[in-house]
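All remarks here apply to the structure that follows.
Please treat every number below as a calculation from the coordinates, not as lab data. Everything numeric in this text was worked out from a predicted model, so none of it was measured. When we count neighbours, we look across all protein chains shown, and the Cβ atoms used for this are built from the backbone with ideal geometry, even at glycine.
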Amino acid sequence: MKLSTIIAALGLAAMPSLVLADTDPADWPAVTAAAKGQEVFWNAWGGSTTTNDFLAWVGQRVSEEYGVTLTHVKLTDTADAVSRVLAEKAAGQDTGGAIDMIWINGANFAAMKEQDLLFGPFAEQLPNWAVVDVDGKTVQTDFTVPVEGYESPWAMAQVVFIHDTARLADPLPSMNALLEWSKSNPGRFTFPQPPDFLGSTFLKQALIDLTDDASPLQAPATDENYASVTAPLWDFLEELTPTLWRQGRAYPQTGPRQLQLIADGEIDLAISFSPGEASTAIANFQLPETARTFVLDKGTLGNASFVAIPYNSSATEGAMVVANFLLSPEAQARAQDPSILGYGTVLNMDALQDDQQAAFDALDLGVATLTPAQLGTALPEPHPSWMTRIEADWIIRYGVSE
Amino acid sequence: MLRGGVKLSWLPILTVLALLGPVLAGLAGTIAPALGWLPGAGQARLSLDAFHALLDWPGFMDAARLSVVTGIGATVLSLALVTLICAGWAGTPAFRWLEKLLSPLLAVPHAAAAFGIAFLIAPSGWIVRAMSPWLTGWDQPPDLLIVQDPYGFALMAGLVAKEVPFLLLMTLAALGQADAPRSLAVARALGYRRVSGWLKAVFPRVYAQIRLPVYVVLAYSMSVVDVAVILGPNTPPTLSVQITRWMSDPDLAFRLQAAAGALVQLALVLGAMAFWRLGEFAVGWLARRWVRTGHRGAADPLAQGVGLFAAVAAASAIILGLLGLAIWSFAGFWSFPNLLPDGFTMRSWDRHIPGMLAAMWETFVLAAAATSIALVLVIGCLEAEHRYGFRPSNRAVWLLYLPLIVPQIAFLPGLQTLLLVSGADMGRWPVVAAHLVFVLPYVFLSLADPFRAWEPRFGTIGAALGAGPDRVLWRIRLPMLIAPVLTAFAVGFAVSVGQYLPTLLVGGGRVVTLTTEAVALAAGGDRRAIGVYGLAQTLASFLPFAMALLIPALLWRNRMGMRDA
């Protein structure tokens, strides 16, 4: 894993946690009192206009409600923030760090947690934790790594496939069906080029759908089981690749690039990690009005987005207040509104009061968005080690083949 | 020669430092990690591991081959085209028209031109749309690998369209000193047709003058990143694109590999230049035999036609591409094979303008700062040359070209690593210094000739009336030279606006300009967003040129003698 290399490079040994919370997360009145007047620097990916606008709205609300000033530090890569905390720890800056909160999940979280770079546990003490859908959503493990209260969830993502119904009328039930369709319609499907995040997700999704037994994926990959577990994936790709757009000799470089390809009529099917993306894109003229989404019969991968607080944050209480606000029905309903953000909620509808539920029910999810029932239960992400090895193998087999 | 005034003799030295300091520091910062020395990542042991890792990357040979083939190919094509245009048409009305058409295209940022061309030539692009379905029968785009083809043809086409205006302007400047009209007249009198006569009598002298710009084109084409990201292949990409990816990897260990790659890229460029030099001898030898045959040029009309067609094609590619971007920025849904959008909307501009303002301001501040510093240094150098009689030697001209010839990818990563290791916070000012390295040569090249051509007797008259050298400079020389000074400023500004790699690498990804945003958006493929940013970027480079035309016209509205100075 990349981050562990940096950690090793910086010569850091795992040390006992230095976290000394000024305020007990369970003592909520004390937390809000301490938070008042604090300035929280939230380091979050800044590549999307819609997310940036949502974060600005959160800042406005927590300022009104709690007197917390929120500043969005726009990242191009979350790993930058992780490197920064590491560098601060290496330099001995154990308090007053530059980063108070990070939008995080997966490998970045695993690395930070392993190296005791996080404040916590705090997530399960937040008042709004009571309404989080702990059973239905994967909010207590993050890419198989136990969360243990070191990060707080705020949005759900799940793999969906976007198809143009004018050219591909019916949903495809499985990866094998996708392969058959692509064989009879060569050149009409592609996926972002791994190691792009979404491209790698396609490979994982294919493997989970093709394999008879997905259980080994929940533990780290070993030299013994890697080849046999991933064999169905490589057989599948061997057949699929020649039928891809441009015969697999070129790939779109990012997820959004696929939308332009659908609009241009170059492809009919694309993968997305955001169930609401297609509806938002139709509204923005980026997809034809005939675009719709579907999930595979055996389900699709899902994961949660979290916020974590670095161990040396200079505004721990302020950050907890923001994390708690993100879990409020008000913020969650706004995030789920496809005209705002279109992210899935992490809340349990049954735990909400009627008027709060009504806010969610009133949302027009958009023509191309599946209902939570249609999305079904998300499949858990494999252990990060699988993705690292599959990516490296894919690059050797297909990524430099011309 | 005038004596006295503010002491200026240190300015040329400062200028050389500003030019070469970052290049040399950057090269040092590249060589050290390539040999395994990068204390920031806990690496302080000399080894060749980085090179082994580079060679183990399975795409290495293909990436290196791509860089070499596309670079040399684009240079040969650009030079051949410019030569054909000049040989076939120099001195004709058609040539003056071409010159007017091509010169402004120099200011179009490479990235914007590349987006535009990508939309023109893609299988779902404008050219295919114009012919579909009535001619081709396609109601969905054909599955053809045109853009990002593994051979780099699209990349070469994009480079040629952008390098032809540059080489043409350089050739025009050289033509003035090559005594072209008289040589051609003699050749024509001896019965040579136009193209053959020009190639035999004029070209050898012109080529000697444009050799350095040709090397600049060669180095640039081999190591370009932004155009290659947009038009070049990805399985694998060119070596410089891959180096940029390694440099942006959060894992510092990849920087060693990137540094090794940067040195290989430098070696490839130097090798290609040596190869080119040999090619010059070979072409020279063949051409002398051709001259001795005395052929008067039977194929001339064909060559003339090809030259004109290619020039018009290059210009149209850029102009139509920009037009396409403009339309996309106002487009509602726009499907294949429609030639125009189904509807028009201001939505894209409304969405992007608020976010664009910060990038626009940053672009403006960087360009204004780098260009102002460059202008002060260049005027200081030229004035010092005038006052103390310094004459720049041939070697000094090479110094000027050095930052343009050493591939950016070879020293910018080193500069970034140095800044990182030294703990200097990346931010605006290191980026200004990096921009200065590229802005300075262009400002110097565009101002030197008019500055030197200024009639010194005006100065003598001023001195006779009691003005010191400083007063002569400020009150007579610079006001009289306001048009070329503003043009030099505009050239420098456009160069700064177009800088992608220096902004990205030296700014550590935290300095966001219109160009970095536009290239980042290109990957996202949202043509509306690309249209908005590409147009904004093009406007930002054109604005100073418009001002360079407008301000002198306003200042001299009542000075007959300065009207066409």
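Points to keep in mind about this one:
- Note: relative contact order over the stretch A:152-298, using C-alpha pairs below 8 Å and six or more positions apart, is 47 percent.
- To the nearest ten degrees, helix A:175-184 and the longest principal axis of the Cα atoms of chain A are 40 degrees apart.
- Helix runs (DSSP H) in chain B reaching 18 Å along axis by Cα, Kyte-Doolittle at least 0.0: B:11-34, B:60-89, B:153-175, B:203-223, B:254-293, B:300-329, B:347-388, B:408-422, B:428-453, B:482-498, B:527-555
- For the stretch B:287-423, the fraction of alpha-carbon pairs in successive 5 Å shells from zero, as %: 2, 6, 6, 8, 9, 11, 11, 13, 12, 10, 7, 4, 2, 0
- Cα-centred dipole magnitude for chain B, charges only on beta-carbon of K, R (+1) and D, E (-1), debye, nearest 20: 2220
- Fewest neighbouring Cβ atoms within 10 Å first, the residues B:ILE230, B:ILE319 line up as B:ILE319, B:ILE230.
- Pairs with C-alpha atoms separated by more than 29 Å, drawn from the list A:LYS36/A:LYS89; A:LYS113/A:LYS298; A:LYS183/A:LYS204; A:LYS36/A:LYS74; A:LYS89/A:LYS204, are A:LYS113/A:LYS298; A:LYS89/A:LYS204.
- With both residues required to sit in the protein assembly as shown, DSSP beta bridges show an antiparallel share near 70%.
- Cα-based Rg and Dmax for the stretch A:50-167, where Dmax is the largest Cα-Cα distance (Å): 16.8, 59
- For the stretch A:277-402, with +1 on Lys and Arg beta carbons and -1 on Asp and Glu, the positive-most of A:TYR343, A:PRO382, A:ALA315 along the dipole: A:PRO382
- Listed by Cβ neighbour count within 10 Å, with the fewest neighbours leading, A:PHE273, A:PHE161, B:PHE458, A:PHE189 appear as B:PHE458, A:PHE273, A:PHE161, A:PHE189.
- Cα gyration tensor shape for chain B, rounded if a/c is under 1.5, else prolate or oblate: rounded
- Percent of beta bridges antiparallel (DSSP, chain A, rounded to nearest 5): 65
- In terms of its alpha-carbon gyration tensor, the protein assembly as shown comes out prolate; a/c meets the 1.5 threshold, and the first ratio a/b outweighs b/c.
- For the stretch B:468-533, the residue among B:VAL532, B:SER496, B:PRO484 whose Cα projects farthest onto the positive side of the dipole built from Cβ charges is B:PRO484.
- Entry for chain A at q = 0.12 Å⁻¹: log10 I(q)/I(0) = -0.98, Debye formula applied to identical alpha-carbon scatterers, no solvent contribution.
- Gyration tensor (alpha-carbon) shape descriptor, the stretch B:47-95, a/c threshold 1.5: prolate
- Nearest-ten-degree value, helix A:316-326 long axis tilted from longest Cα axis of chain A: 50
- Mean Cα-pair separation over length for chain B, i.e. relative contact order, pairs under 8 Å, 6 or more apart, %: 25
- Remark: spin-label model distance A:ASP364-B:MET273 equals 6.3 nm, labels positioned 7 Å along the Cα→Cβ axis.
- Three semi-axes of the equivalent ellipsoid, the stretch A:253-295, Cα gyration tensor, whole Å, largest first: 13, 12, 10
- For peptide A:238-249, the mean count of partner chain Cβ atoms within 10 Å of a residue's Cβ comes to 2.
- Net dipole in debye of the stretch B:1-143 [+1 Lys, Arg Cβ; -1 Asp, Glu Cβ; about Cα centre; nearest 20]: 760
- Listed residues B:VAL283, B:MET247, B:VAL227: farthest to the positive end of the dipole of the stretch B:204-290 (Cβ charges): B:VAL283
- Residue-wise HN-Hα coupling along the stretch A:234-245, computed from phi with Karplus coefficients 6.51, -1.76, 1.60 (Hz; x: Gly, Pro): 5, 4, 4, 5, 4, 7, 6, 3, x, 8, 6, 3
- The listed peptides B:16-27, A:336-347, ordered by packing as a protection proxy, come out as A:336-347, B:16-27 (highest mean of other Cβ atoms within 10 Å first).
- The C-alpha atoms of chain A define a longest principal axis, and helix A:197-210 lies at about 60 degrees to it.
- Residue-averaged beta-carbon neighbours from other chains (10 angstrom radius) around B:146-152: 3
- The protein assembly as shown, helix-only ellipticity at 222 nm - DSSP H runs n ≥ 4, -39,500 (n - 2.57), divided by all residues, nearest 500: -18500 deg cm²/dmol
- Put simply, the amide H of A:MET101, placed in the peptide plane, has neighbours under 5 Å in A:PHE41, A:ASN43, leaving out anything fewer than 5 places away on its chain.
- Other protein chain C-beta atoms within 10 Å of residue C-beta, averaged over B:539-550: 0.
- Magnitude of the charge dipole for the protein assembly as shown, about its Cα centre and with charges confined to Cβ atoms of Lys, Arg (+1) and Asp, Glu (-1), is about 7480 debye.
- Simple label model, 7 Å out from Cα along Cβ direction - B:ASP470 to A:ALA26, nm: 7.6
- Under a 5 Å amide H cut-off, with hydrogens placed 1.01 Å from N, A:ASP142 pairs with A:VAL147 among residues at least 5 apart or on other chains.
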